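Notes for the one structure printed next.
The values are calculated or read from the model by the stated rules, or taken from the named source; none is laboratory data. The structure displayed is predicted, hence computed values, not measured ones. Methodologically, a virtual Cβ is constructed for each residue, glycine included, from the backbone with ideal geometry; neighbour enumeration extends over all protein chains shown. Side chains are part of the model used for accessible areas, which takes the heavy atoms of the whole protein and leaves out ligands, DNA and RNA. Shrake-Rupley method; radii C 1.70, N 1.55, O 1.52, S 1.80 Å.
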Amino acid sequence: MSMQFDENSSYLMPVFFGHDWVARQPWPGGKNKADYYEPGIIHVTSATFETDDEILESMIPPCYKLAEPYMNVSVCEFTNLGYMNGKSYSLINFNVPVTFDGKRDHVRGDLIMAMYENWTDPIIGGRDTNGYAKLYCDIPPVQNVGSRHIATAHNAAFDFMELIVDTDKSAADAEKIKSLETASQGKMNYKYIPAVKEKDEPASANHTKPDASYPVFIPKWVKPEDYPYDIMKPDFKFGDATIRLNAPKWEDWPNFGYVAAGLASLPIKRVLGGKHGTYNDPTYYSSAYRLR
């Protein structure tokens, strides 16, 4: 008997070994266990800068509208993740504030233009399921030297980012950073999966059309009444920040260097400041849905 797909289960490639382990484990009361994992502890070092609105708009799909010409860069060290059975990894999130004004949905959120991670498992899961723009890079632990918090990233020995937050110095505009965070209703993605060409099409047609191409929204998580774990009050300090983004040449980063080059093409007009601190989060993403 051949393999049978269960229409009520979720699958990722390779599909030959059954549905994934995360989404369908039972929880008392008949709910999915994935909805009630223990929250991970997240250490964040981030900076927000003003950039050129025309350049930024040229990168954003037409379904979205740029709300304000700011980019936030957040280095997040995820530890003790419940859905990963206590394991840890790090990511770097590049996002900008956008709005979506469709026939049904009208929301404002943070469009994730690139998310670098240093572990394959969450990269594949987030890209395939919810359309996160995830890529791999090396993310060393953040260096905490007195009041200075130094985050770096590189790929194949090419250093493409350095972010420094000094919490002993004042942020240029912490209130603007807070207002941008408050205005966001959640995270925005754009899911795009290229199609394989038909047999009679030329090789040049391969991957030029999408199998999937649509916007995705993940609303901010709201704690259920029966959630069994405590959510801590976020502990952040704002401070002065500097950020450096380097553009690789093709020989530095042949496959995905164009993404880092695109990020580096955004002029840093003014750094609003940064913040450093800790919070915990259930890392719940099952509320993602297509925007229409």
**OP:** Read phi for every residue in the stretch 220-236 and hand back ³J(HN,Hα) as whole Hz from Karplus 6.51 cos²θ - 1.76 cosθ + 1.60, θ = phi - 60°, with x for Gly and Pro.
**Re:** 4, 6, 10, 5, x, 4, 9, 5, x, 10, 7, 10, 6, 6, x, 10, 10
Subject >> Amide H contacts under 5 Å for residue 161, placed H, 5+ residues apart >> reply: 153, 246
Subject >> Rounded percent of accessible protein surface that carbon and sulfur make up, the chain, 1.4 Å probe >> reply: 52
Original post:
Tell me, what is the percent relative contact order of the stretch 1-158, built from C-alpha pairs under 8 Å that lie six or more residues apart?
Top reply: 14
**OP:** With springs only between Cα atoms under 10 Å apart, run a GNM on the chain and tell me which of 225, 38, 68 wobbles the most.
**Re:** 225
Subject >> Value of relative contact order over the chain, rounded to a whole percent, pairs C-alpha under 8 Å and six or more apart >> reply: 22
Original post:
Which value, in Å², gives the accessible area per residue of the stretch 160-292 when a 1.4 Å probe is used on the protein heavy atoms?
Top reply: 59
Original post:
For all pairs of alpha-carbon atoms in the stretch 155-243, what percent lies in each bin of width 10 Å, listed from the first bin to the last filled one?
Top reply: 11, 19, 25, 24, 13, 6, 0
Original post:
In nm, to one decimal, how far is the modelled label at residue 1 from the one at residue 16, with both set 7 Å along Cα→Cβ?
Top reply: 2.0
**OP:** Calculate for the chain the 222 nm mean residue ellipticity that helices alone would give, adding -39,500 (n - 2.57) per DSSP H run of length 4 or more and normalising by residue count, nearest 500 deg cm²/dmol.
**Re:** -3000 deg cm²/dmol
Original post:
Say R0 is 25 Å: what FRET efficiency, to the nearest 0.05, do residue 235 and residue 121 get from their beta-carbon distance?
Top reply: 0.35
Subject >> For a label point 7 Å along the Cα-to-beta-carbon line of residue 221, residues of the stretch 247-281 with backbone N under 14 Å >> reply: 279-281
Original post:
How far, in nm, would the chain grow between residue 169 and residue 41 when pulled straight, counting 0.36 nm per residue and subtracting the alpha carbon separation?
Top reply: 43.5 nm
Subject >> Relative contact order of the stretch 126-216, pairs being alpha-carbon contacts under 8 Å that are 6 or more residues apart, as % >> reply: 23
Original post:
Leaving out same-chain residues fewer than 8 places away, which lysines sit with a Cα under 18 Å from that of residue 269?
Top reply: 176
**OP:** Given the peptides 10-16, 212-218, arrange them by the average over their residues of other C-beta atoms within 10 Å, most packed first.
**Re:** 212-218, 10-16
